[in-house]
Structures are given as C-alpha cells and as structure tokens.
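Participant: Dropping a structure here in structure tokens format, bear with me for questions.
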Amino acid sequence: MELYKLTVHELSNLLKSRETSCKEIVESIISRIKELDNTIKAYITLTEEQALKKAAEIDNQTDGERFSESALLGIPAAIKDNICTKNIKTTCSSKMLQDFIPPYNATAVDRLEEKGSIILGKTNMDEFAMGSSTEKSAFFKTKNPWNLETVPGGSSGGSAAAVAADEAVYALGSDTGGSVRLPAAFCGVVGLKPTYGSVSRYGLISLASSFDQIGVITKDVTDCAIIMNAIYGQDPNDSTTVDLDLQDFTESLINNVKGLKIGIPKEYFAEGINEDVRDSVLEAIEMLKSLGAEYDEVSLPHIDYSLPTYYALAMAEASSSLARYDGIRYGYSADDSEDLTDLYKKARSEGFGSEVKRRIILGTYVLNSENYESCFIKAQKVRTLINRDFAKALEKFDVLISPTSPTTAFKLGAKRDPVSMYYSDIYTIPANLAGLPAITVPCGFSQGLPIGLQFIGRAFDEKTLIRAAYTLEQNTDFHNKRPEAINR
C-alpha cells in the first residue's frame, strides 16, 4: 500500500484498526520526499530523525483506542518556513534568517502536536511571504508537480507542492493576500484561509499583521475540517484572537446545499479572466444549483480598488514589521562594517532580497509624512468601503463564489514585472481586506493544469464554507486526480 498517497482521515482509520503504524507512514512519506524533492524542491528543512523517533514513541505507547481520540495522532505535517518550530530552523526563505532556530513553537504548531501530529519538515516560500510564485525564495525555486515548468503559486508554494506531490499528508501555510489559496489552486489541492482572529498568529513571523492568517492546505475538504478542529480558537498570546465557542468542523461535512444562497460577484468575472477558468467555475455553480442551491448576481462596487488598497497597506505594515532586522538585535549581521550606520545598511541590503527591499521602500513611501494622508489613510478608508460591500452582500447570501485566480499556473520566470505578479492575487486579496474566511477547491483543468474555485463566507462561519466546498468535492472527482508529471 502506498501510504503517502492517503489523506489524514484515511491514515487515521488505518491506525485505528492497526493496519499500519506511525513509523510506516512517516517512512513512506520520507521515501517519497527523497524520490521527488530534488525535482520539486518543496522542503527547506527535513526533520527525518526527529519524525521517526516521535513516530516510534507513539507506536510503542499507544493502543488503538487512543487513535480514536485524535484523527491527527501519528500523522506527519509540513509547516511553512515562516511559522516558528521549536529547535527547528525557521528561515522565512531569507538570508536574513538563514540560521534562526526558534526557542518556541507557534501556537498552531503546539496545538497540532498536542493532538499527536508529527512535524516532518519546513517548506519553501517566497521570502518573508512576499510573492505569488515561490520564485522569490533566497534558496531555490519550487516547481509545480502538475507541470515542472510552471510555478506552484505563492507564497506558500512549498506547502501546496508538497501536498500535491504526496510529499506531505497536509501542511500549514500563511495567507496575507492569498498565499494559501493561490498555491492550493495552482497545485489542485484544498486551501482554507480562516477568519482573521479565529486562528492564533502567535509564532507566525509577521508580514502585515492586520492581514496575516495561518491557514491549512490539504488533499480534501474532510482533512481541512480535521485540521481546523485542532488549530481554531482563542490564544492568550495573540490579542487579536476572538473568544469563540468550541467548534467541530467535521459536523459540516454534509453533502447537501439545498437552500444555500450563493452570490456571484460580477466584478470577479470581468476582463482578464481565462476562458477555461470562467467556464469551469460557472459549470460548478450550475452543478450546485442542480443540487438545490440558489444563486444570483451581486455587485461589490469597491472591489476594483482592492489591489492598490492592499499593497499600500500591506507594504506599509511590512516596512514597519521588518524594521527589527538591523543586524544587531535580530537576523543576519554583516562583516567589516565601519560604524553602526554602515552595519545597518550592509545587513539589510545583503540580508534582504530584491522583492523585500522593493516593498520596504514602497511601504516607507506610503508612511512618509507627506504621503500618509493621501496614501495610507485613504487606503484605510477604501478598506472600510470594501468591508461594507462584503457585509451587505453577505446579508443576502450565505457564500460568495469566484475563481481563486484569473489564470492557471504560469511558467517559471514568466512574470518578471512586479505589477503583473501582484495581479495574480487579484481574486484572493479582497477576503484578506475584509478579514473573511475563504476556501479554494479544485473545479476543473485547463491544458493539464488545475483550476480553483473560491468560496468566501461570513466572519467565523467556516462551517458553511466547509459544507459548500465538501458538497462540490463529493459531486466531482477533481480532488482525486494526481499530477501525471511526477507519477509516470
């Protein structure tokens, strides 16, 4: 049996019945990584020895009954390399943090380990999560398992590629403007960005703190619900988390959308969308209608301002967040500096890559006293208008549906112009501006590359998103497809 191909819930069932062991699962996935990752390059750090030791401990100390208590017990996880893992290098794919080993876990990692999950390694990403292709890593570029000449999306491209290539059972990523959903869509897997404040950001190395959210990348929607059960909820270490009732997201795994009201934002189907992408999403909507859902067109009048609004605010926040990396207190330190000013200059110019420096400069410009009112404050006002558009639409509709991206995965090196790269996130950014939950699921293919469909829901109503996504998944077969490029 090829254990690496299985989902969290399938592996959990095998462990419950003692048809396999944790060690066998970990060994199967490590073998898969060693077979493929020289090509895919999903992982920066592989914690093989630690993972095998932990798996053996669980096997020796656990009976079948305990496996029934936690679906994650003994299941390996991949973690994006901007999420802190105790005693495991966490680099943010940057020279600035190339030797950083955190002395603590992110809360989300702690919660996974409390449920018995095993950390298998850290995945590649765009440097400091600034990118949409995972080409901006300081170490190497990750490739899309569906076509090795295309990008996996970003910034959580390593996490998505690992799950799609069966190099991970599931993975954590982070989503600031689409960084979980875009790579999940490009790699043909499921990606969920929870509501802002529903999952702790403690231990997530910040890009833009009012946007950042830890999210989940899985092989199917069932696994997504299982992981959310583990990581969801308030954390005293993160003051932005909300005191929420305990949820069981697996209760929403219902193949039924009868009476579900779906809004179709017309702005998401305007110029620039690939014809196959549009047609696949519209076909999925018609299928949901045939299953009992109701839909109607809706307008989000200020959504066209999402991209400039997001980048003005996110770059401003990033320039502030990254000010801590001065070569003295934190991160890479340059040699042969003449004085403190020279040390700051060398450490930051040598430690940061070109895209990070670009965004710091633009963010500093936005926060400059001459531009603060006309750029930063104006962008905050537009963000409020976008939030109101969503609030009004979601009074009438249970969920909104859109493509996750206007195109499928593009060729490596194809988008050299930064602005064209920024447009990759045009359909994912609005949910971050509004702090709303959003999930992407596969809904078709174009020239052999996956197409993602995005559901956006009301704040803290991930359950409805999961029900809608699960119903779509159960009535299609796209989530069962595997990349031919690596499985020949």
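The values are calculated or read from the model by the stated rules, or taken from the named source; none is laboratory data. All figures in this text were calculated on a predicted structure; none of them were measured in a lab. Neighbour counts are summed over all protein chains in view; Cβ atoms, including those assigned to glycine, are modelled from backbone coordinates with ideal geometry.
Participant: Here are the criteria: (1) more than 30 Å from GLY351 (Cβ to Cβ); (2) surrounded by fewer than 20 Cβ atoms within 10 Å (Cβ to Cβ); (3) not acidic (Asp, Glu). Tell me which single one GLY74 does not satisfy.
Facilitator: All conditions pass for GLY74, except number (2).
Quick grid of which residues meet (1) at negative phi; (2) assigned to a helix (DSSP H, G or I); (3) in contact with a helix residue (DSSP H, G or I) (Cβ under 9 Å, 6 or more places away or on another chain):
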| site | (1), (2), (3) |
| --- | --- |
| ALA391 | yes, yes, yes |
| LEU394 | yes, yes, no |
| SER405 | yes, no, yes |
| ARG416 | yes, no, no |
| TYR423 | yes, yes, yes |
| PRO430 | yes, yes, yes |
| PRO450 | yes, no, yes |
| ARG467 | yes, yes, yes |
| GLU473 | yes, yes, yes |
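Participant: Give GLY178, GLY203, GLY197 a once-over and let me know the one that is modelled with pLDDT of 95 or more, closer than 29 Å to ASP245 by Cβ and out of contact with any helix residue (DSSP H, G or I) (no Cβ under 9 Å at 6 or more places or on another chain).
Facilitator: Criteria check complete, one pass: GLY197.
Participant: For residues that are in contact with a His (Cβ under 6 Å, 6 or more places away or on another chain) and closer than 15 Å to TYR305 by Cα, tally how many sit in the stretch 414-454.
Facilitator: Number satisfying all stated conditions: 0.
Participant: Checking the conditions here, which among SER94, SER31 is among the hydroxyl-bearing types (Ser, Thr, Tyr) and within 21 Å of VAL356 (Cβ to Cβ)?
Facilitator: The conditions single out SER94.
Participant: Exactly one condition in (1) of a type outside the set (S, T, N, Q); (2) part of a loop (DSSP other than H, G, I, E, B); (3) more than 19 Å from ILE33 (Cα to Cα); (4) in contact with a helix residue (DSSP H, G or I) (Cβ under 6 Å, 6 or more places away or on another chain) is not met by GLU135; state its number.
Facilitator: Single failed check for GLU135: (4).
Participant: Right, something else. Pairs under 8 Å by beta carbon, first residue of a type in the set (D, E, K, R) in the stretch 3-32, partner outside any helix (DSSP H, G or I) and surrounded by fewer than 18 Cβ atoms within 10 Å (Cβ to Cβ), six or more apart or different chains?
Facilitator: Matching pairs, first to second residue: LYS5/ARG482.
For (1) part of a strand (DSSP E or B); (2) surrounded by 14 or more Cβ atoms within 10 Å (Cβ to Cβ), each residue gets a yes or a no:
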site	(1), (2)
ASN255	no, no
LYS258	no, no
GLY263	yes, yes
GLU267	no, yes
ASP276	no, yes
SER280	no, yes
ASP296	yes, no
PRO308	no, yes
GLU317	no, yes
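Participant: Please work out which residue is farthest from LYS53 (Cα to Cα), limiting yourself to the stretch 116-150 and to residues that are out of contact with any Pro (no Cβ under 9 Å at 6 or more places or on another chain) and of a type in the set (Phe, Trp, Tyr).
Facilitator: PHE128
Participant: Consider ILE58 against the criteria (1) closer than 19 Å to GLY203 by Cβ; (2) surrounded by 16 or more Cβ atoms within 10 Å (Cβ to Cβ): it satisfies all of them except one. Which criterion is unmet?
Facilitator: (1)
Participant: Here's a check for you: in the stretch 190-207, which residue that is of a type in the set (Val, Ile, Thr) and out of contact with any strand residue (DSSP E or B) (no Cβ under 6 Å at 6 or more places or on another chain) is farthest from ALA225 (Cα to Cα)?
Facilitator: Result: ILE205.
Participant: Against the conditions (1) more than 17 Å from ASP398 (Cα to Cα); (2) assigned to a helix (DSSP H, G or I); (3) of a type in the set (D, E, K, R), where does ASP336 fall short? Just the number, please.
Facilitator: The number of the failed condition is (2).
Participant: If I go through the stretch 11-41 residue by residue, how many of them are under 30 Å from LEU412 (Cβ atoms) and hydrophobic (A, V, I, L, M, F, W, C)?
Facilitator: Going through the stretch 11-41 one residue at a time, the tally reaches 5.
Participant: Same structure again: Return the pairs, sorted by first residue and then second, in which the second residue is in a strand (DSSP E or B), the first residue lies in the stretch 210-221 and is among the hydroxyl-bearing types (Ser, Thr, Tyr), the beta carbons are less than 6 Å apart, and the residues are 6+ apart or on different chains.
Facilitator: From the stretch 210-221, the pairs are THR218/TYR170; THR218/VAL190.
Participant: Cβ-Cβ below 9 Å, separation at least six or inter-chain, first residue in the stretch 46-57 and under 20 Å from ASP81 (Cα atoms), second surrounded by fewer than 16 Cβ atoms within 10 Å (Cβ to Cβ) and polar (S, T, N, Q): which pairs?
Facilitator: Qualifying pairs under 9 Å: GLN50/ASN87.
Participant: Just for helices (runs of 4 or more DSSP H) wholly inside the stretch 1-115: which have at least 2 residues that are among the hydroxyl-bearing types (Ser, Thr, Tyr)?
Facilitator: Per the criteria, 22-40.
Participant: Still on this structure: Return yes when THR364 is among the β-branched types (Val, Ile, Thr), touching a residue at least 60 places away in the same chain (Cβ under 8 Å) and surrounded by 13 or more Cβ atoms within 10 Å (Cβ to Cβ) and no when it is not.
Facilitator: Answer is no for this residue.
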